[in-house]
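Chemist: Please find one structure pasted underneath; my questions will follow.
The values are calculated or read from the model by the stated rules, or taken from the named source; none is laboratory data. Because the structure is predicted, anything quoted here is derived from the model rather than measured. Cβ: placed from backbone, ideal geometry, glycine included. Neighbour counts: every protein chain shown. The accessibility values were calculated without ligands, DNA or RNA, using every heavy atom of the protein model including side chains. Shrake-Rupley method; radii C 1.70, N 1.55, O 1.52, S 1.80 Å.
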Amino acid sequence: MDKKQSALHEKDGVSQPETTSKTSAERIKLNRAKQNSVAVFVSKILEGNITYLSRAITLVESTNTKHQEKANEILERCLPYANKSVRIGITGVPGVGKSTFIEAFGKHLTSLNKKVAVLAVDPSSSVNKGSILGDKTRMEQLVTDKNAFIRPSPSGTSLGGVAQKTRESIILCEAAGFDTVIIETVGVGQSETVVHSMVDFFLLLKLAGAGDELQGIKRGIIEMADAIVINKADGENEKNAKIAKVEFNRALHLYPLKESKWQPKVLTASALKNIGISEIEKMISEYILLTKENNYFNSKRNEQNKYWLLSTIEQQLKDNFYQNPIIKKALSAEIHNLENGKTTPFNAAKKLLEL
């Protein structure tokens with residue numbers, strides 16, 4: 001009779017697989033690589049490496065002081081290789097079809113062997129500060145194109161929903177070899193003004209038959225737009241689009257000729273059906289040719305650089321003010337006084353600024 005085995009008998013264990021997979025190892029290496037030197041970043045960006053371009057933009061957008069220092073050095077070294085692209089700003093009210101239009105337009109450009117970077121600004125929530133960053137999802141064809149790069153960025157608290165660091169991102173994209181940079185705005189507030197200050201060509205997308213005609217005639221928007229495109233001009237809406245085109249054309253001719261000597265044009269398009277896209281590309285090429293010949297192209301970029309110099313100074317002063325520990329303490333005290341009716345916002349501000 002066999003002896004019963006003890007309950008404490010040890011069986012051969014099951015061999016465990018390696019806990020670190022190759023994928024995980026690669027990910028760890030990639031994270032370590034984030035500490036790469038500025039020289040590596042610059043050389044990889046100049047080679048057109050998308051991974052390093054994305055990481056550099058992340059550094060640019062970071063509020064970490066060390067990240068900002070590194071980003072500034074990368075930008076400084078990339079600058080001689082920038083300024084060779086055509087920058088196009090695209091705006092329009094939510095629902096006008098900006099993402100669909102940009103995808104159709106971007107695909108057309110890549111079919112012409114152009115390299116397209118899309119910097120899409122997503123509105124940040126004023127409540128929880130979060131952003132959906134959904135443009136990559138909406139541009140599912142363009143995102144897989146090897147000659148395209150899509151970078152959604154949260155607007156944060158910057159003016160008009162244009163990411164504060166978009167301008168620096170443009171420089172990095174240009175250094176990476178992108179010859180067309182498209183900036184999509186959230187289409188609200190002051191975003192049109194800010195985008196206009198960083199692009200060569202400003203395109204306004206409109207809808208026909210949506211009560212949007214009057215909006216287009218508003219002087220500020222008309223004066224900024226180099227072209228108006230009435231989108232979704234297909235099916236039953238085609239007739240409305242043609243009527244809207246006549247109205248917008250009439251409105252455009254009420255204004256004096258622009259400094260660029262370019263007469264803004266009105267076109268109709270259907271991004272969904274890919275109608276009118278090639279005509280828009282030809283029109284932008286005509287504009288670039290004209291403005292380069294009459295030197296407006298360079299003078300506008302010089303003006304934009306001055307604008308961004310002053311904007312950066314203002315932003316830096318603001319950051320320094322709020323990060324000052326003395327101000328932080330005094331601000332808290334002044335808010336307390338304000339809540340208890342012991343001071344006014346103007347007196348409190350004056351006191352803080354004197355500090």
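Chemist: Pop out the carbon and sulfur fraction of the accessible area of region 59-121 as a percent, whole number, probe 1.4 Å.
Modeler: Working: 1380 of 2800 Å².
Summing carbon and sulfur atoms, their accessible area is 49 percent of the total for region 59-121.
Chemist: Moving to a separate point now. Label-point separation (nm) for Asn347 and Lys300, each offset 7 Å from Cα along Cα-to-Cβ?
Modeler: 5.0
Chemist: Among the listed pairs Lys114/Lys232; Lys44/Lys115; Lys107/Lys245; Lys318/Lys350; Lys107/Lys232, give every one whose C-alpha distance is greater than 20 Å.
Modeler: Exceeds cut-off: Lys114/Lys232; Lys107/Lys245.
Chemist: Accessible area of region 233-355 with a 1.4 Å probe: how many percent of it is carbon plus sulfur?
Modeler: The computed percentage sits at 56.
Chemist: Glu223 label point, 7 Å along Cα→Cβ, cut-off 18 Å on backbone N: hits in region 274-303?
Modeler: 300, 303
Chemist: What figure in square angstrom, to the nearest 10, would you give for the accessible area of Trp262 with a 1.4 Å probe?
Modeler: The value for Trp262 is about 10 Å².
Chemist: Could you order His67, His336 by accessible surface area, starting with the largest, using a probe radius of 1.4 Å?
Modeler: His336, His67
Chemist: Give me, ordered by chain and number, the residues 5 or more places off Val266 or on other chains with an amide H under 5 Å from its own placed amide H.
Modeler: Result for Val266 returns Ile228.
Chemist: What is the distance, in nm, between label points placed 7 Å from the Cα along the Cα-to-Cβ direction at Lys66 and at Val143?
Modeler: 3.2
Chemist: A further question on this structure: Taking Cα pairs under 8 Å and at least six residues apart, what relative contact order does region 240-307 come out at, in percent?
Modeler: In percent, rounded to a whole number, it is 26.
Chemist: Further question: Just the accessible area per residue of region 218-343, please: how many Å² with a 1.4 Å probe?
Modeler: Ligands and nucleic acids excluded, the result is 64 Å² per residue.
Chemist: Could you tell me which of the pairs Lys146/Lys206; Lys146/Lys242; Lys84/Lys273; Lys84/Lys165; Lys66/Lys146 are separated by over 27 angstrom between their Cα atoms in the structure shown?
Modeler: Lys146/Lys206; Lys146/Lys242; Lys84/Lys273; Lys66/Lys146
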